[in-house]
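The values are calculated or read from the model by the stated rules, or taken from the named source; none is laboratory data. Nothing here was measured: the structure is a model prediction, and the numbers come from that model. With ideal geometry, Cβ positions are generated from the backbone for all residues, glycine too; neighbour counts draw on all protein chains shown. Surface accessibility is based on the protein's heavy atoms, side chains included, excluding ligands, DNA and RNA. Shrake-Rupley method; radii C 1.70, N 1.55, O 1.52, S 1.80 Å.
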Amino acid sequence: MAYKEKEISKLYYPIGEVAEMFGENASLIRFYEKEFDILQPKKNAKGNRLFRPEDIDNLKIIFNLIKEKGYTLQGAKDFLKKNKNEALEQQKIIDSLEKLKSFMIDLKEQL
């Protein structure tokens, strides 16, 4: 998955940091925000988007559906409308497996 594992510790992330986490342009993040109702970043007085950890989790789900599983935009929207809880659970499993994989790679390099 394109998402670069970074410890989520802030309350809000600017769009530039979020785009860097996913290795994508900020314009794609803004596009997904317009297309998917589950993305609701806060906006400050200047109008800058501030993403919460929940928004980042939702972006992970969207990227997984579109980039990894090959869903179309409409297909991903339909899947999320019908199966949002299932998608959240699948993403938690994917995240834990990626952390385990990273740990195993680090362990192998130390040997």
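Quick notes on this structure:
- Filter pass, Phe79 being aromatic (Phe, Trp, Tyr), touching a residue at least 12 places away in the same chain (Cβ under 8 Å) and not in a loop (DSSP other than H, G, I, E, B): yes
- Selection within the range 18-40 - outside any loop (DSSP other than H, G, I, E, B) and surrounded by 15 or more Cβ atoms within 10 Å (Cβ to Cβ): Val18, Ala19, Met21, Phe22, Ala26, Ile29, Arg30, Tyr32, Glu33
- Residue in the range 77-91 that is within 22 Å of Glu17 (Cβ to Cβ) and either in contact with a helix residue (DSSP H, G or I) (Cβ under 7 Å, 6 or more places away or on another chain) or open to solvent by 60 Å² or more (accessible area, probe 1.4 Å) (or both) present: yes
- Residues of the range 4-17 classified as open to solvent by 100 Å² or more (accessible area, probe 1.4 Å) and at pLDDT 90 or above, total: 0
- Checklist (1) crowded, with 16+ Cβ neighbours inside 10 Å; (2) touching a residue at least 40 places away in the same chain (Cβ under 8 Å) applied to Glu98, failing item: (1)
- Flag for Glu68 being open to solvent by 50 Å² or more (accessible area, probe 1.4 Å) and among the acidic types (Asp, Glu): yes
- When the range 41-65 is filtered for residues that are in a loop (DSSP other than H, G, I, E, B), within 19 Å of Gln91 (Cβ to Cβ) and open to solvent by 60 Å² or more (accessible area, probe 1.4 Å), only Arg52 remains.
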